[in-house]
Ligand code: C5P
């Protein structure tokens, strides 16, 4: 998850755009962030603490004291946050922020914060273009804050122009870009090819032989490699995973044969090859031209061996660093090490179906990594975190 472990403090002020913040919170939480929300007293006229806290999974504060008499420490919340996002930021809250008018919890928290601050202004047309707003936004920028400009469109008043708060996806993207820009670009200049997902081997025009691979591991690896600055070529069999990253070139294929051809379109130019696809070992010898009718009591389909894509990569290896996966149910380590040798790999990632939460369809995985001389064991983690471990290990090997 791209925001895994990040602590985001959202401050909502009293504008109609506050309703959009539900989507922003949900997005942040989905991406693994911890979200704490505070609101100005007026924001409560637009959204409820209940709806917000249900999504953020934490109590929402509007005042220094809660009804039960507990102190809501603005200092603690401010120092806890990795970033603060003020959205929507009304003309009033913006003005208080830049002039130090500290008369509510939001401003006290803001003034105690040392973290980067994002401001998503939202106001009506004439208020947005008013010289005082412009000046206050300039001042906010001069403090080092990041402004997510208001967008053009129809405003709550019916007027049309700039003033609508930026869409939640735009705000989320800015925050993610900020965290990404702080990541060391350890794979800058490298091209990484990743195979992912299952392959489908056609039986007739409507049926196929496939497997339960979701493609998640490969897609997480692609995102993480890209975050580290690599150019990524992701060759995926049928999978419902999506990727929204300009540095990742996604090629969709169906069968093992197609995956093999696609891999070798790029093979000479890549530095690292990671084969996480669950390629079907066999395919029907012949594909029926018409849908096979269920006339007989039994049906025999002759299968022939598919090409072993990774083994072919291993045979043709010149400079590429090759990583394979082994999904085993018995004699796990022995089988994995055997594949490392047989396929001429530099590293193999073993996941055992005997470990709960590991393997194919889950969002989590538990792996062991082997090279010819090393072995490293990892705990059960999200596939995004497993992708980080795998790439950290690859990088440590490249430095040798
Ligand atoms: O031999 P086995 O299928 O267990 O090997 C698994 C590894 O080989 C995985 O990295 C998988 O992506 C790759 N593989 C392949 N082409 C095949 C079979 C497996 O690239 N036909």
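The values are calculated or read from the model by the stated rules, or taken from the named source; none is laboratory data. What you see is a predicted model; the values in this text were computed from it and never measured. Every residue, glycine among them, receives a Cβ derived from its backbone with ideal geometry; neighbour counts consider all protein chains shown.
A compact table of results
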| item | result |
| --- | --- |
| Failed item in (1) modelled with pLDDT of 95 or more; (2) more than 28 Å from residue 357 (Cα to Cα), with residue 208 passing the rest | (2) |
| Residues of segment 79-104 that turn out to be assigned to a strand (DSSP E or B) and in contact with a helix residue (DSSP H, G or I) (Cβ under 7 Å, 6 or more places away or on another chain), as a count | 6 |
| Matching residues, segment 274-291, being surrounded by 15 or more Cβ atoms within 10 Å (Cβ to Cβ) and more than 30 Å from residue 324 (Cα to Cα) | 288 |
| Which numbered condition residue 274 fails, given (1) in contact with a helix residue (DSSP H, G or I) (Cβ under 7 Å, 6 or more places away or on another chain); (2) more than 16 Å from residue 220 (Cα to Cα) | (2) |
| Residue ID - surrounded by the most Cβ atoms within 10 Å (Cβ to Cβ), chosen from residues in segment 153-165 that are at pLDDT 90 or above and assigned to a strand (DSSP E or B) | 163 |
| Failed criterion for residue 301 (all others in (1) touching a residue at least 60 places away in the same chain (Cβ under 8 Å); (2) in a loop (DSSP other than H, G, I, E, B); (3) near the ligand (Cβ under 10 Å from one of its atoms) hold) | (3) |
| Residue among 193, 137, 187 that is in contact (Cβ under 8 Å) with a residue 12 or more places away in the chain and assigned to a helix (DSSP H, G or I) | 137 |
| Qualifying residue in segment 255-273 (condition: in a strand (DSSP E or B) and within 12 Å of the ligand (Cβ to nearest atom)) | yes |
| Failed condition for residue 360, given (1) within 16 Å of the ligand (Cβ to nearest atom); (2) in a loop (DSSP other than H, G, I, E, B); (3) over 23 Å from residue 239 (Cα atoms) | (3) |
| Lone qualifier among 332, 265 - being over 22 Å from residue 201 (Cα atoms) and in the same structural domain as residue 360 (by TED's automatic domain parsing) | 332 |
| Hits in segment 241-254 (condition: outside any strand (DSSP E or B) and away from the ligand (no atom under 15 Å from the Cβ)) | 241, 242, 243, 244, 245, 246, 247 |
| Residues satisfying the stated conditions in segment 313-341, i.e. touching a helix residue (DSSP H, G or I) at 6+ places or on another chain (Cβ under 8 Å), under 22 Å from residue 193 (Cα atoms) and within 8 Å of the ligand (Cβ to nearest atom) | 313, 323, 324, 325, 326 |
